[in-house]
Structures are given as structure tokens and as C-alpha cells.
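Single-structure report; data block below.
The values are calculated or read from the model by the stated rules, or taken from the named source; none is laboratory data. All figures in this text were calculated on a predicted structure; none of them were measured in a lab. Glycine also receives a Cβ, built like all others from the backbone with ideal geometry; neighbour counts cover every protein chain displayed.
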Amino acid sequence: MKILYKSDFYQISYDEKHQLMHYYHPAATFDMTPAQYQEELQAIIKYSLEYKPKLGLGDLRDFQFIITPDMQEWMDEQLQPVNQAINFQKHAVLLPSEFIVQLSVKQAVEINLDTNAKTRYFADEQEAREWLFAS
């Protein structure tokens with residue numbers, strides 16, 4: 001897997017064989033500002049448009065940033081057109097343990113379900129990968 005982007009708050013990798021974009025947010029996201037979160041999301045948009053992944057695996061188990069309803073709306077406006085443009089198909093999300101963060105992440109992803117992409121939530125990465133790679 002090739003690392004495309006790495007910062008204190010985000011790591012994006014790409015698996016060309018499976019057309020899989022993998023992203024990870026470390027616990028340092030606790031200190032992230034809304035402006036920094038938006039900036040980090042611009043990286044996934046950039047690399048999604050460049051690599052055109054069909055699958056996504058988001059590891060949010062250490063994610064600490066609270067996604068507000070306004071941020072959810074902004075994410076939808078930014079990500080939905082990209083997902084449609086690249087014909088994004090499946091998105092597996094590894095959820096964090098904290099309920100409020102988990103809820104905010106889940107709501108943000110669900111808003112983006114206007115595309116044809118299927119989204120499922122997992123606690124185990126191997127299960128998520130099996131689902132992603134199944135026909």
C-alpha cells in the first residue's frame with residue numbers, strides 16, 4: 001500500500017490492486033480545529049479525484065474530533081459530488097469506541113449516502129476488508 005499523504009491528523013494510503021483508498025485518523029485529532037479538519041478532507045478529495053478508488057476503508061477507531069451538524073453538511077457538499085464523479089462503490093468504516101464520536105462519524109457518513117456507494121460499519125479490519133473485496 002502506497003502512502004499518499006501523512007499529517008498529524010490524517011494518513012491516506014492507496015492499494016492499486018484493489019482500487020482501495022485507506023484513511024486513518026490518529027488520536028491527535030482531539031486537538032484538531034474545524035478548519036484543520038476541512039483542510040485534511042481536502043487531501044482525501046484531491047487523492048480521490050487523482051486515483052479514482054472504487055473502495056474505501058476508513059479507520060476511525062482512534063478518531064477524537066467531534067463532527068458537528070454544520071460540518072456534516074459541509075462534508076456532504078464536498079464529498080458527494082466527488083464520490084459520484086469517481087463512481088465510488090463501497091465504503092467500510094472502522095468505528096471508534098467513544099459513543100458520541102461514533103455517532104457523529106456515522107451521521108456524517110450516512111448523509112453522504114445519496115450516492116450509489118454502499119457503506120457498512122465494522123469493529124474488525126479483517127471483516128471490513130473481506131466485505132470490501134467480496135463481489
Could you grab the pairs with beta carbons closer than 6 Å, sequence gap of 6+ or different chains, first residue in the range 119-135 and under 11 Å from ASP59 (Cα atoms), second one at pLDDT below 90 and aromatic (Phe, Trp, Tyr)?
-> ALA128/PHE122
Quick one: in the range 67-109, which of the residues that are surrounded by 13 or more Cβ atoms within 10 Å (Cβ to Cβ) and acidic (Asp, Glu) is modelled with the highest pLDDT?
-> ASP76
Please work out if GLN64 is surrounded by 13 or more Cβ atoms within 10 Å (Cβ to Cβ) and modelled with pLDDT of 95 or more.
-> no
Going through the range 45-85 one residue at a time, which ones are of a type in the set (A, V, I, L, M) and more than 23 Å from ALA134 (Cβ to Cβ)?
-> ILE45, LEU49, ILE66, ILE67, MET71, MET75, LEU79, VAL82, ALA85
